1. From (1) under 14 Å from the mean Cα position of the chain (by Cα); (2) farther than 16 Å from ILE57 by Cβ; (3) part of a helix (DSSP H, G or I), pick out the condition that doesn't hold for LEU77.
2. Count, please, the residues in segment 21-41 that happen to be of a type outside the set (Val, Ile, Thr), under 12 Å from LEU58 (Cα atoms) and out of contact with any helix residue (DSSP H, G or I) (no Cβ under 9 Å at 6 or more places or on another chain).
3. Being in a helix (DSSP H, G or I), loosely packed, with under 12 Cβ neighbours inside 10 Å, over 13 Å from the mean Cα position of the chain (by Cα) and among the charged types (D, E, K, R) is true for just one of ASP64, ASP52, ASP25. Which residue is that?
4. If we scan segment 83-95, do we find a residue that is within 23 Å of ASN4 (Cα to Cα) and without any contact (Cβ under 8 Å) to a residue 40 or more places away in the chain?
Amino acid sequence: MNRNINLIIDDSGSIEGYQNIKIQDLNNVINGFVNNIICECLDKIEFAQRLDVFKAILSKLAFDGTATFKCINATMLSSRILKNEIDAKKISDIIKDINSLWTESLIVEAFSSFPNIVVQKNYIEHIYTVITVTKTL
């Protein structure tokens with residue numbers, strides 16, 4: 001098994017050089033085995049399942065392994081809407097495939113709730129939060 005995985009919902013999110021694994025097959029990945037995980041599909045997961053899936057992803061990381069998450073930041077999206085920086089068509093395009101969103105406070109809460117996860121990078125890219133974490137001992 002490739003120790004670098006990209007989590008996807010369907011084949012449209014595949015990345016060359018990574019083992020592209022559908023999120024529903026995550027349980028088939030060995031805990032503590034993966035060196036590098038990319039996940040840009042949290043927004044496509046139902047809200048009630050999102051935190052559990054997030055926890056399961058982190059459990060797959062090997063020590064010193066990294067995971068990079070990219071998800072819509074609902075706080076940033078709403079701010080851009082209020083400032084009229086995003087028009088109705090763009091909003092419609094953004095939310096058409098979204099099943100859940102986290103606000104800035106939920107993002108911070110989720111990532112800070114794990115004692116062995118250290119945030120390496122955390123930045124906003126337009127309306128997205130991109131966070132890279134490392135699993136420590």
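1. That leaves (1) as the condition not met.
2. 3
3. On the way: ASP64 fails: in a helix (DSSP H, G or I); ASP52 fails: over 13 Å from the mean Cα position of the chain (by Cα).
Answer to the selection: ASP25.
4. Going through segment 83-95, the residues within 23 Å of ASN4 (Cα to Cα) turn out to be none.
No, the conditions are met nowhere in segment 83-95.
Quick note: the coordinates plus some simple rules give every number you see, no bench work behind them. This is a predicted model, so every value here is computed, not measured. Don't worry about glycine lacking a Cβ; one is built from the backbone with ideal geometry, like all the others, and counts go over all protein chains shown.
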